[in-house]
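Just so it is clear, none of the values below were taken in a lab; they were calculated from the coordinates. All values derive from a computational prediction rather than experimental measurement. Backbone-built Cβ (ideal geometry, glycine too); neighbour counts: all protein chains shown.
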Amino acid sequence: MFELLGIPPQALFGQLLLGLINGSFYALLSLGLAVIFGLLNIINFAHGALYMMGAFVAWMLLNYLGIGYWPALILAPLAVGIFGMVIERLMIARLYHLDHLYGLLLTFGLALIIQGLFRNEYGISGLPYQIPTQLAGGQNLGFMFLPNYRAWVVVASLLVCFGTWFMIEKTRLGALLRAATENPALVGAFGINVPRLITLTYGFGVALAAFAGVLAAPIYSVNPNMGADLIIVVFAVVVIGGMGSILGSIVTGFGLGLVEGLTRVFYPEGSAVVIFVIMAIVLLVKPAGLFGRAA
Amino acid sequence: MVTGPETAPAGISVPVTATGAARLHLAIFAVALALALAAPFFLYPVFLMKVLCFALFASAFNLLLGYGGLLSFGHAAYFGSASYVAAHAAKVWGLTPELAILLGTGAAAVLGVVFGALAIRRQGIYFAMVTLAFAQMVYFFSLQAPFTGGEDGIQSVPRGRLFGMISLGPDINLYFFVLAIVVGGLLLIYRIIHSPFGQVLKAIRDNEPRAVSLGYRANRYKLAVFVMSATLAGLAGATKALVFQLASLTDVYWTMSGEVVLITLLGGMGTVFGPIVGAAIVVTMQNYFAGFGAWVTVIQGTIFVIGVLLFREGVVGILARWLRRPL
Amino acid sequence: MTFSRFALPLGALLLAGAAHAQDIRIGVLNDRSGIYADLAGQGSVVAAQMAVEDFGAEEKGINVSIVSADHQNRPDVASTIARQWYDEQGVDVIVDVPTSSAALAVSDITREKNRIFLDSGAGTTELTGEQCSPNTIHWTYDTYALANGTGGAMVEQGGTSWFFITADYAFGHSLEEETIAVVEAAGGEVLGTVRHPFPGTDFSSFLLQAQSSGADVIGLANAGGDTINTVKQAAEFGITQAGQDLAGLLIFITDIHALGLETAQGLVLTEAFYWDLNDDTRAWSQRFAERHGGAMPTMVHAGVYSSVLHYLKAVEATGTKEAEAVMAEMKATPTEDPLFGKGEVRADGRKIHDMYLFRVKSPDQSEGPWDYYETIATIPAERAFRPMEEGGCPLVE
């Protein structure tokens, strides 16, 4: 049996697979950011808080209404998406004529409020959310024990990511969206309600974050801070990928999950900063990001 | 960042003679200084020193945002690392307070050069995200490096003797030392803003391509103001370490970066006095709301939202428009 | 003193300024909103109140008031509050203070202001080591005692090979080091360690490394949310089912409560107190739970009760609240209370008592809510804590 730098290949496969699972979350979140950025031109700082909300809504559905995981996978993103649309209409929409940085500041404030409220109500220790019984247990792959749920996370994330890609790149709705990004006035002139398009887009991007939150609920603890640190990593992912393309953000998300997974094996101490280091390098070599349009 | 006419700082949209404004500023400075000299005899000096440090920190940040047009979301990195270096120098190396502060400030300057050079390669929101990510790196470093004491931070930092002679142990002595530093720092910032360098900076902020076409190397100016801002933020952080005799992870965490944005936004970005007023409000608020736990976060968030939606000019900005004078 | 019994309110007021009546202000400083809010938090205030009542302070002419605040687990916040309490609010003694960094900060300020600090919630051995203070007593537990209990006793139980999952910061490192020393001294061996970023969310990668090491025991040298997530994910990856033992080096009964027995079963841990130890602890805990929304006390709550009781006894005996005299009395007199039994306060400020090694029950072993532990071993007081001469505390001469 050959070894790679002292790590048996089975263990390496295992770690790569785990990296892919983390990458699923990065991909979903950076995709949501990219979709929102594409049309609204703001960076949604509240994305982490909304991801957290997704997990909490799933928890609430279960504990207050007895609604289980599978319906929650649809209902929670829907609820959070509607919440997002309300916020977009009431607040964010007032900032479009201003510098985009105000959008960043506003959503930062929103993130503080949402996190603070949940912390007051539910404390910080985290709430338990069980893995759905259909996905309990796992498979012995020979090189590792893969819990069924983690496999499902990768599959679900891939499905949603490529579904989104398909919708934006290949359908008429997507074509409209892309057109509105390029020239909102012209699209408006064709009788399309651009503000409504924008609201729906924001709601959809936010729903993606909430979907990631529901996926995360059974494996990470459901707590008000779960999105706060994650969002900063996702920002770095976004800088690395550049927000030029939908596909780019998906590929970067999964790719960086893999890189982080490898770091955990070879240099675990560095796994928290590896993404930031890569970001610095990318900035030096290709400031617009791997898939970005030139600024 | 302030590009549209709607967001232009009040100081620019109101036509006044430069000398008139300078005279007004001088008068306000004098009154504020007189108040500051008397304050420690009436209020808790430790609280006042905290206000002073944050006033300097926010003014340094405002130099970058309000006049350079660059929103950094990672200024905690410079504030905090200077705080660590100063604390370490005072405690472990036994340096006198003024040397410890200088060393801390220097560390922030070096960090500012490195991060600034990279960050200015991107603009707008990307710039904000890049600075945030770099600050997070500094945070992780501070958490793991042996000399920072991890979660414990560097505690019981000696206040020491100024120039090896005057003891800074008593709050009142330290207060006047801190006041001298902060006033010095603020005057320097005022000088920078009103120098030819500051004028070019504003030109770049308002219309970068035009400034470039006039032959200014925009990136050099941006880097310069970034480094100055980081350095002065470091000065504030190093001073803070001596006041509280503590350097901790709070100083480098991203919430600190958010706090300085809040202070500046609330006080009025792109105004001379805004950050000072903002610091006084926010620190007072934190002091009185400390018992509310997580509600502090909610309140801060609410101020952010209301500030962005309704009071983009901040307290001082509104005052300035009302007085029809730049403040 | 007899006079005061007849003197009604006015007399009591007059006496407040007299030599005998004492006004004592106790400050309960802990986490009230964060990760340690359950294990300390309001419960510590309840415990302190119970101590004041059980002691009968009022009848004995000691007028006790209790203030509390949230230090958010941050040393800067803790030191600001402690300073203001001592400077402006006349607080005589600060109790609890979980989170090592905050505790060290409070210990420093207490010494500077010459008051008394009775720590129950924090784990760092520094409080009775090189940074020990004549004004500080460390009451309930410390990381040495936990490492010693879990590490030593596990090896005796046959768990000889270890793998550590360690939070990558000073606290995690020292927890790991202390446990490794104990494990190796007891004849065990350490197969490897892996450091995870702090705070972390995904531990699966590290758990997999631990699993492939084939160690008998996986030691979790982390705390709070990190430990909870590690235990949770270990259950997901079937680590314990596959025969490896998980040993939590800093985990409390409230964490087990949050995790649920399904996930936490089989976990081995050390604590200084468990509500279901004997009749005394059961009776007290029942009273506590009635006043604290049904939640059973943690060892931190028990420590707050015990330390406040001992402090009040010393105030009564000396007739003063002057720090030096009270501290001398507290160290000279053996401690005794229904929760920890007999014990003593050492010269370095370490309070010693028995520690216990517990294993978390499986759901079918448990007979009801909060029935979580079975006792595996009792570690006698004299062996449970770090010997005084090894700590390097300057007070020990």
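What to note about this one:
- Beta bridge orientation in the protein assembly as shown: antiparallel %, DSSP, nearest 5: 40
- Computed over region B:245-327, the P(r) tail beyond 20 angstrom holds 36 percent of alpha carbon pairs.
- When you work out D = kT/(6 pi eta Rh) for region A:1-130 at 4 °C and 1.567 mPa s, using the Kirkwood radius from C-alpha pairs as Rh and the Stokes-Einstein form, the result is 75 µm²/s.
- Ordering A:64, C:36 from the fewest to the most neighbouring beta carbons within 10 Å gives A:64, C:36.
- For the residue pairs C:113/C:331; A:286/B:222; C:232/C:342, the C-alpha atoms sit more than 26 angstrom apart in C:232/C:342.
- Translational diffusion of region B:94-209, estimated by Stokes-Einstein from the Kirkwood radius over alpha carbon pairs at 10 °C in a medium of 1.306 mPa s, is 90 µm² per second.
- Relative contact order (%) - region B:16-323, alpha-carbon pairs under 8 angstrom, separation at least six: 32
- Given charges at Cβ of Lys, Arg, Asp, Glu: region C:292-387 dipole, positive-most of C:297, C:330, C:368: C:330
- Between helix B:274-289 and chain B there is an angle of about 50 degrees, using the helix long axis and the longest principal axis of the Cα atoms.
- Relative contact order, whole percent, for region C:118-209 stands at 26, derived from Cα pairs under 8 Å and 6 or more residues apart.
- Each part gets one Cα centre, and for region C:74-109 versus region B:158-232 those centres are 35 Å apart.
- With 10 Å bins beginning at zero, the pair-distance distribution over Cα atoms of region C:230-276 amounts to 25, 58, 16, 1 %.
- Over the protein assembly as shown: Kirkwood hydrodynamic radius from C-alpha pairwise inverse distances, Å: 30.1
- P(r), alpha carbons of region A:188-295 - 10 Å bins starting at zero, rounded %: 13, 33, 34, 15, 4, 1
- Relative contact order (percent, whole number), chain C, Cα cutoff 8 Å, 6+ residue spacing: 17
- Spread over its residues, the convex hull of the C-alpha atoms of chain B is 133 Å³ per residue.
- Rounded to the nearest 500, the helix-only mean residue ellipticity at 222 nm of the protein assembly as shown stands at -19000 deg cm²/dmol, with each DSSP H run of n ≥ 4 adding -39,500 (n - 2.57).
- 20 Å cut-off, amide nitrogen to a point 7 angstrom out along residue B:114 Cα→Cβ, residues in region B:230-261: B:230-238, B:248-254, B:257
- Of interest is the spacing of the C-alpha centroids, which for region A:118-136 and region A:218-295 amounts to 26 Å.
- For the residues B:279, B:203, B:135, a GNM of chain B with alpha-carbon springs under 10 Å puts the largest fluctuation on B:203.
- Shown for chain A are the DSSP H helices of 18 Å or more along their axis, judged by Cα atoms, with a mean Kyte-Doolittle hydropathy of at least 1.0: A:9-40, A:47-65, A:69-90, A:101-122, A:194-216, A:228-241, A:246-266.
- Helix B:171-193 axis, angle to chain B major axis (alpha carbon atoms, nearest 10°): 30
- Among C:314, C:170, C:103, the largest mean-square fluctuation in a Gaussian network model of chain C, built with springs joining Cα atoms closer than 10 Å, belongs to C:170.
- Residues whose placed amide H lies under 5 Å from that of residue C:64, excluding near-sequence neighbours: C:24
- To the nearest ten degrees, helix C:279-291 and the longest principal axis of the Cα atoms of chain C are 80 degrees apart.
- Lys, Arg +1 and Asp, Glu -1 on Cβ, resulting dipole of the protein assembly as shown about Cα centre, debye, nearest 20: 5200
- GNM result for chain B, Cα springs below 10 Å: residue of B:303, B:120, B:154 fluctuating most strongly: B:303
- Unit Cα scatterers, Debye sum, region B:180-327: log10 I(q)/I(0) for q = 0.09, 0.10, 0.11, 0.14 Å⁻¹: -0.35, -0.43, -0.52, -0.84
- For chain C, the Kirkwood hydrodynamic radius comes to 21.5 Å, computed from all pairs of different C-alpha atoms.
- Antiparallel %, DSSP beta bridges [both residues in chain C], to 5: 30
- Counting only aspartates and glutamates at least 8 places from residue B:91 when in the same chain, those with an alpha carbon closer than 19 Å to its own are B:151, B:152, B:171, B:251, C:76, C:108, C:112, C:126, C:130.
- Under 5 Å between amide hydrogens, built in the peptide plane, is the criterion, and for residue C:27 it picks out C:67, C:92, C:93, C:94, C:95 among residues at least 5 positions away or on other chains.
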